[in-house]
Amino acid sequence: MALSIADLNTLGIDTSKAPRVEPSPEEVKASRQIPSWQRLVPGSVLSRTLYEAASGRRVTIVDSPPGSGKTTLLVDAALWLSANTDLTLTIAAPTRSAATSVAERLAAVWENASVVLALSGVEKASTSAIHAPGSGSFQGAPGDIVVKTMASLGMSTKTTSDLLIVDEAYQSTFASLAAAAKGCEQVLMVGDPGQIGPVTTADTSVFEDSQYPPHGRAPDVLRRHPSAKILHLPTSYRLGQRTVDAIAPLYDFPFDSGRPDRHVLGHEEIESIQIDRDDPVDLYAEVARLAQTYVGAEVCTDDGTRPLTSSDVCVVAGDNMAVNGIAGFLSTLGLFPGITVGTADRLQGGQWHAVIAVDPLASASTVSDHHLSLGRLCVMASRHMTHMLWVHRGDWRSLIDEQDVEDIDRMVSVRESLVG
């Protein structure tokens with residue numbers, strides 16, 4: 001029985017207004033906001049990565065220069081695969097804090113994603129969009145993106161997954177990856193080959209001739225796998241071209257700068273200063289004084305011009321003794337805490353507008369492999385978004401020549417570029 005106008009009015013339906021016209025399918029499609037990870041660009045690194053994963057590639061490695069958006073690629077790849085395939089996905093992060101950060105990034109990019117932060121003892125996440133079961137042995141289903149630590153995966157005897165995505169892959173040894181991926185069919189590794197690798201204290205000489213040395217960095221070892229596909233991100237959005245050119249010898253693939261124009265007023269992208277001090281304490285005091293001069297300096301970006309605060313400034317040094325000494329002098333100036341001070345190992349992954357990088361050779365009482373590490377050199381020379389001051393000794397070249405250095409040409413080339 002049809003309802004009268006009086007009946008419709010009784011139900012609260014306003015009959016004085018014209019009936020609502022349903023939108024056309026084209027209008028509905030146009031009104032929907034397509035997330036960035038669904039807007040694939042043919043031939044892009046993301047598209048090629050997804051092709052390799054979706055087609056069953058056993059080993060895919062995506063190499064990244066500093067500041068190229070490797071976390072963005074990892075997140076976009078995981079979201080696309082969870083939404084468009086029936087693969088079960090697990091993301092392995094090097095630490096609990098890194099795992100939490102990845103889970104939060106996934107949830108922030110796509111609120112409808114099924115993100116599971118599977119860390120033992122964590123039963124409540126920072127947002128309701130993340131499920132936290134409180135167990136590192138949680139098993140995901142198709143559509144879930146389960147985030148765990150490498151250590152948790154290595155200890156588990158039950159974890160299985162179609163695809164293991166490894167974050168910061170160059171911080172993992174092949175042995176730790178083999179343990180973590182034992183229940184996985186495919187591995188996708190994303191990382192910066194210029195980073196500091198895992199520290200191994202055991203005698204590894206017995207593995208020198210091994211095709212798959214357990215102590216080697218996981219991507220370095222697995223690129224020898226017959227099915228391995230190597231891709232690389234081509235652009236750094238943190239570093240200017242001057243810095244890209246300086247650290248280029250540390251990478252075996254080309255990349256350029258896509259950084260927006262920005263600068264600290266009165267300073268070039270890279271500057272250097274020679275400080276020769278017999279007493280390292282005098283060096284620490286001078287570095288602290290230099291760091292102080294950046295607070296209040298004006299930085300010009302796309303958002304305008306503003307003064308640098310202490311949180312925009314960082315000092316990266318070669319060892320803990322130098323860190324403690326510089327932090328002590330900054331503290332007397334009222335700038336610590338405030339200005340970040342740390343070793344390359346601790347500050348790996350961080351970025352600041354203005355960075356003072358103290359060449360490890362400048363503060364070393366005895367030069368060791370630690371001070372000559374190419375990974376530490378790369379990290380120290382790439383923490384800045386806008387400006388870096390490289391602090392060095394005048395005899396840095398002779399200090400290198402006195403050592404038995406395997407990569408002396410690359411080491412010298414980078415330092416020469418930084419010194420200018």
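Full extension from Ser44 to Glu111: what is 0.36 nm times the residue separation minus their Cα-Cα distance, to one decimal in nm?
21.7 nm
Amide H of His353: which non-local residues (sequence gap of 5 or more, or other chain) have their own amide H closer than 5 Å, using H built in the peptide plane?
Correct list: Met385.
Give me the log10 of I(q) over I(0) for the chain at q = 0.08, 0.10, 0.13, 0.14 Å⁻¹, as the Debye formula computes it from C-alpha points; what are the numbers?
Taken in order of the listed q values, log10 I(q)/I(0) reads -0.53, -0.77, -1.19, -1.31.
Once you sort the root eigenvalues of the Cα gyration tensor of segment 69-181 as a ≥ b ≥ c, which label holds: rounded (a/c under 1.5), prolate (a/b larger than b/c) or oblate (the other case)?
Rounded, since a/c falls under 1.5.
Of all GluC sites (Glu not before Pro) in segment 129-224, which ones are in loop regions per DSSP and have a Cβ with at most 14 other Cβ atoms within 10 Å?
Loop-located and lightly packed - Glu208.
Using a 1.4 angstrom probe on the protein heavy atoms only, could you order Thr366, Thr100, Thr343 from most to least accessible area?
If we order Thr366, Thr100, Thr343 from most to least accessible, we get Thr366, Thr100, Thr343.
Enumerate the calculated ³J(HN,Hα) couplings along segment 111-119 in order (Karplus 6.51 cos²θ - 1.76 cosθ + 1.60, θ = phi - 60°), each rounded to whole Hz, writing x wherever the residue is Gly or Pro.
Whole-Hz 3J(HN,Hα) from phi for segment 111-119: 5, 8, 5, 8, 9, 10, 9, 8, 10.
Under the Kirkwood approximation applied to all pairs of distinct alpha-carbon atoms, what is the hydrodynamic radius of segment 241-394 in Å?
15.7
By how many nm would the segment from Glu268 to Ser137 grow when fully extended, if each residue of separation counts as 0.36 nm and the alpha-carbon distance is taken off?
Contour length minus the Cα-Cα distance gives 42.1 nm.
With a 1.4 Å probe and all protein chains in place, put Glu52, Glu298 in order of accessible area, largest first.
Per-residue accessible area, sorted high to low, gives Glu298, Glu52.
DSSP loop (so not H, G, I, E, B), at most 14 other Cβ within 10 Å: list which GluC sites (Glu not before Pro) in segment 330-420 pass both filters.
Glu402, Glu406
Considering only the chain, what is the antiparallel percent among its DSSP beta bridges, to the nearest 5?
10
Could you give the radius of gyration (one decimal) and Dmax (whole number) of the Cα atoms in segment 181-220, in Å?
When restricted to the Cα atoms of segment 181-220, Rg and Dmax are 12.2, 31 Å.
Would you please give the residues with an amide H less than 5 Å from that of Gly143, counting only those at least 5 places away or on a separate chain, with H modeled from the backbone geometry?
Counting only residues 5 or more places away or on other chains, the set is Leu89.
For segment 163-254, compute Rg over Rh where Rg is the Cα radius of gyration and Rh is the Kirkwood radius from the inverse mean 1/r over Cα pairs.
1.00
Using a Förster distance of 56 Å, how high is the FRET efficiency between Asp395 and Met155, based on the Cβ-Cβ distance and rounded to 0.05?
Using R0 = 56 Å, I get an efficiency of 0.70.
Leaving ligands, DNA and RNA out of it, rank Ser236, Ser97 by accessible area with a 1.4 Å probe, largest first.
My answer, sorted largest first, is Ser97, Ser236.
Send over the per residue convex hull volume for segment 259-314, Cα only, as a whole number of Å³.
93
The values are calculated or read from the model by the stated rules, or taken from the named source; none is laboratory data. Keep in mind it's a predicted model, so treat the numbers as computed, not measured. Positions of Cβ are backbone-derived with ideal geometry, glycine not excepted, and every protein chain shown enters the neighbour counts. Surface accessibility is based on the protein's heavy atoms, side chains included, excluding ligands, DNA and RNA. Shrake-Rupley method; radii C 1.70, N 1.55, O 1.52, S 1.80 Å.
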